Amino acid sequence: MNTETPLLSVRGAGHLYGDRYGCRDVDFDLWPGEVLAVVGESGSGKSTLLSTLSQRLTLSEGSIAYRLADGATVDLASLSESEVRRLWRTEWGFVHQNAADGLRMHVSAGGNIGEPLMATGSRHYGDIRATAAQWLERVEIPTDRIDDVPADFSGGMRQRLQIARNLVVAPRLMFMDEPTSGLDVSVQARLLDLLRRLVADLGLAVIIVTHDLAVARLLAHRTLVMKDGRVVESGLTDRVLDDPHAAYTQLLVSSILQG
């Protein structure tokens, strides 16, 4: 893990819905190659935080600094819409809880993977199709399904295809919103194993929101615990889950608030 300069530096970040905060006073640094889990029960503010960090919601207070691939650091709140869109095309990815939100459901699997390549300048059909086939194989989807549409896929296959669509352009930062939610336990386990391998192989930085502490334990180096829009505990994942200090984290770990 590169520890020279943070990829993302968040200070006092908050998002306001009218006169109510969805999240506030959030501070952390994210390093290249690091996986950060944000955990908490429904309504804790974790999804609002993810949307604010990824510029899907406006930053109401605080700052979010991001280090670009060329080494320059930018204040995300100061970027234009076109500059944010460029980050989405070239440096960022977002894995949705519902794969249908991140896929074109009636475009072929190969087309779903090929579209981001075309958006970044690829034009050779044969090369695009070959790359799509390689990524299908990498996310454990049979390559003979390349012309099938996601609407005909299982939930687990859709989620793996969404991951391939995001990773094909080699992003530096991935946002993941409950990527295993709603999947059968065996399908979840397979997807988590795949994610763990891909994150390690590609050296991705990841911010993953989950209500499932097992997901945090398996994937994340560090964990933030949120309650009522604020971070109540943070630290190395093993420390947070094995020796929780905050009363709320102790409740989460003991599963009183789980389910």
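For a footprinting-style exposure proxy, rank Met176, Met118 by other Cβ within 10 Å, fewest first. Please list the in-between numbers first.
Working: Met176 27, Met118 12.
With the fewest neighbours first, Met176, Met118 line up as Met118, Met176.
Both numbers refer to the Cα atoms of the chain; Rg and Dmax are 18.2, 56 Å.
Spin-label model, Arg20/Asp201: points 7 Å from Cα along the beta carbon direction are separated by 4.3 nm. Among residues other than Leu57 with Cβ under 15 Å from its Cβ, the summed charge is +1 (Lys and Arg +1, Asp and Glu -1).
When only Cα pairs below 8 angstrom with a gap of at least 6 residues are kept, segment 105-170 shows a relative contact order of 48 percent.
Give me Ile113, Ile141, Ile207 ranked fewest to most by other Cβ atoms within 10 Å of their Cβ, as a rough exposure proxy.
Values: Ile113 28, Ile141 22, Ile207 25.
Ascending Cβ contact count within 10 Å gives the list Ile141, Ile207, Ile113.
In this label model, Ala151 and Asp193 are separated by 3.2 nm, measuring between points 7 Å along each Cα→Cβ vector. Taking every alpha-carbon pair under 8 Å whose residues sit at least 6 apart, the chain reaches a relative contact order of 26 percent. Computed over neighbours whose Cβ is under 12 Å from that of Val187, the net charge equals 0, Lys and Arg +1, Asp and Glu -1.
What does the charge add up to near Arg165, with Lys and Arg as +1, Asp and Glu as -1, over the other residues with Cβ less than 13 Å from its Cβ?
Numbers: positive: Arg89, Arg104, Arg138, Arg158, Arg160; negative: Asp101, Glu115.
Neighbour charge sum, excluding Arg165 itself: +3.
In this simple spin-label model, placing a label point 7 Å from the Cα along the Cα-to-Cβ direction at both Arg89 and Arg11 gives a separation of 3.1 nm. Under the convention that each Lys and Arg Cβ holds +1 and each Asp and Glu Cβ holds -1, the size of the dipole of the chain around its Cα centre is about 300 debye. Taking other C-beta atoms within 10 Å as the exposure proxy, Met226, Met157 rank Met157, Met226 from fewest upward.
Coordinate-derived values only; no laboratory data. Source: prediction; values computed, not measured. We place every Cβ from the backbone using ideal geometry, glycine too, and count neighbours over all the protein chains shown.
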